[in-house]
Amino acid sequence: MPRQEAMRLNRYLALVGLGSRRQVEDLIRAGRISVDGQVVRDLTCRVAPGQEVRLDGELLRPQRYVYWVVNKPPGYLSTTSDPQNRPKVVDLLLHVPERLFMVGRLDEESEGLMLLTNDGELAYRLTHPKFGVEKTYIVQVAGWPSAEILQELEQGVWTSAGKMRAQRVRRLGLRGKSTFLEITLTEGKNREIRRMLAKLGHKVMHLKRIAIGPLKLGRLKKGRARPLSGKELAALRQVAFAHPKPDQPTSRGRKGSSSSSRKSRDNGKTL
């Protein structure tokens with residue numbers, strides 16, 4: 001990792017693989033980080049070339065970056081530790097010697113694509129809403145959401161955690177008394193999809209993430225992991241290091257949308 005000039009401490013810690021910039025701020029606040037022997041709690045602290053940075057007294061050194069794709073099964077936690085000793089996503093990568101952390105999370109009941117890495121800068125850009133990297137999900141919900149419900153999801157739904165909004169929603173098909181939707185997000189707040197749909201009267205029965213930006217889950221079996229290919233990494237970097245997306249109005253021009261676009265949301269096939 002190059003250190004040609006001084007940089008913010010949280011960025012340095014992310015670059016050496018301790019987590020995303022937001023995650024490592026907790027380590028700084030807890031007084032676990034020292035610079036040249038002095039404990040630092042100031043998030044604005046900068047690290048210059050040649051300074052020694054330590055975590056709990058252990059010298060931090062740059063490490064090679066690794067990137068792993070996992071198909072998370074239901075029942076696994078997106079956390080690095082659990083007092084109840086329940087299965088965790090990181091347990092699927094015990095053979096990897098590097099310290100890994102998760103790029104975003106999936107709740108315990110959900111399944112699908114997760115990316116684990118020690119590249120904190122890439123993780124930060126893939127997860128921070130200002131960069132607008134899309135995450136795509138297949139969601140099975142109880143009932144048959146109307147076109148108006150799908151439009152509400154795209155315009156924004158107020159929940160106890162604030163306003164949440166899907167970037168895109170389309171109906172895939174029906175099965176019995178349930179509907180399959182493809183939902184794309186750019187924020188990824190905690191249980192965002194479940195909260196929005198519950199607010200609109202449709203319980204989520206099954207949720208699976210199938211894509212993070214250009215990275216697809218593909219045919220990776222449930223509970224299995226594989227390293228990211230060079231082509232996949234290049235595509236992710238291209239999206240993550242693009243300029244931040246400008247804010248868009250919440251209505252996103254829905255009043256002027258054509259009737260044909262509304263109709264396309266209603267033409268789901270039976271699954």
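The values are calculated or read from the model by the stated rules, or taken from the named source; none is laboratory data. Predicted model only: the values in this text are computed from it and were never measured. In this analysis, Cβ positions are derived from the backbone assuming ideal geometry, glycine residues included, and neighbour counts consider all displayed protein chains.
Numbers at a glance
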item	result
Unique residue being farther than 22 Å from Leu236 by Cα and in a loop (DSSP other than H, G, I, E, B) when the list is Arg99, Arg61	Arg61
Selection within the stretch 79-94 - crowded, with 20+ Cβ neighbours inside 10 Å and within 11 Å of Glu108 (Cβ to Cβ)	Val89
Residues satisfying the stated conditions in the stretch 112-136, i.e. more than 25 Å from Leu13 (Cβ to Cβ) and surrounded by fewer than 23 Cβ atoms within 10 Å (Cβ to Cβ)	Glu134, Thr136
Residues satisfying the stated conditions in the stretch 16-61, i.e. touching a Gly at 6+ places or on another chain (Cβ under 7 Å) and surrounded by fewer than 17 Cβ atoms within 10 Å (Cβ to Cβ)	Val39, Arg41
Flag for Gly112 being of a type outside the set (Ser, Thr, Tyr) and either touching a Gly at 6+ places or on another chain (Cβ under 7 Å) or modelled with pLDDT under 95 (or both)	no
Among residues of the stretch 181-202, those that are among the hydrophobic types (A, V, I, L, M, F, W, C), in contact (Cβ under 8 Å) with a residue 40 or more places away in the chain and surrounded by fewer than 20 Cβ atoms within 10 Å (Cβ to Cβ), counted	1
Cβ-Cβ under 7 Å pairs, at least 6 apart or on other chains, the stretch 134-160 side within 13 Å of Lys203 (Cα to Cα), far side among the β-branched types (Val, Ile, Thr)	Val139/Ile183; Val139/Ile193; Val139/Val204; Val141/Thr179; Val141/Val204; Gly143/Thr179; Trp144/Thr179; Pro145/Thr179
Residue list for the stretch 14-51, restricted to those being in contact with a helix residue (DSSP H, G or I) (Cβ under 8 Å, 6 or more places away or on another chain), of a type in the set (Gly, Ala, Ser) and assigned to a loop (DSSP other than H, G, I, E, B)	Gly17, Gly19, Ser20
Residue check for Arg64: over 22 Å from Leu215 (Cβ atoms) and not β-branched (Val, Ile, Thr)	no
Residues of the stretch 173-196 satisfying the condition of being aliphatic (A, V, I, L, M) and under 11 Å from Tyr137 (Cβ atoms)	Leu181, Ile183, Leu185, Ile193
Boolean, Gln38 is outside the structural domain of His206 (by TED's automatic domain parsing) and within 28 Å of Ala225 (Cβ to Cβ)	no
Selection status of Arg105, outside any loop (DSSP other than H, G, I, E, B), under 25 Å from Leu233 (Cα atoms), within 16 Å of the chain's Cα centre (by Cα) and in contact (Cβ under 8 Å) with a residue 12 or more places away in the chain	no
The one condition in (1) of a type outside the set (Gly, Ala, Ser); (2) in the same structural domain as Leu100 (by TED's automatic domain parsing); (3) farther than 30 Å from Leu18 by Cβ that Leu116 fails to fulfil	(3)
Single condition Arg224 does not satisfy, out of (1) surrounded by fewer than 18 Cβ atoms within 10 Å (Cβ to Cβ); (2) at pLDDT 95 or above; (3) farther than 16 Å from Glu111 by Cα	(3)
Glu25, sole failed condition from (1) closer than 19 Å to Thr127 by Cα; (2) at pLDDT below 90	(2)
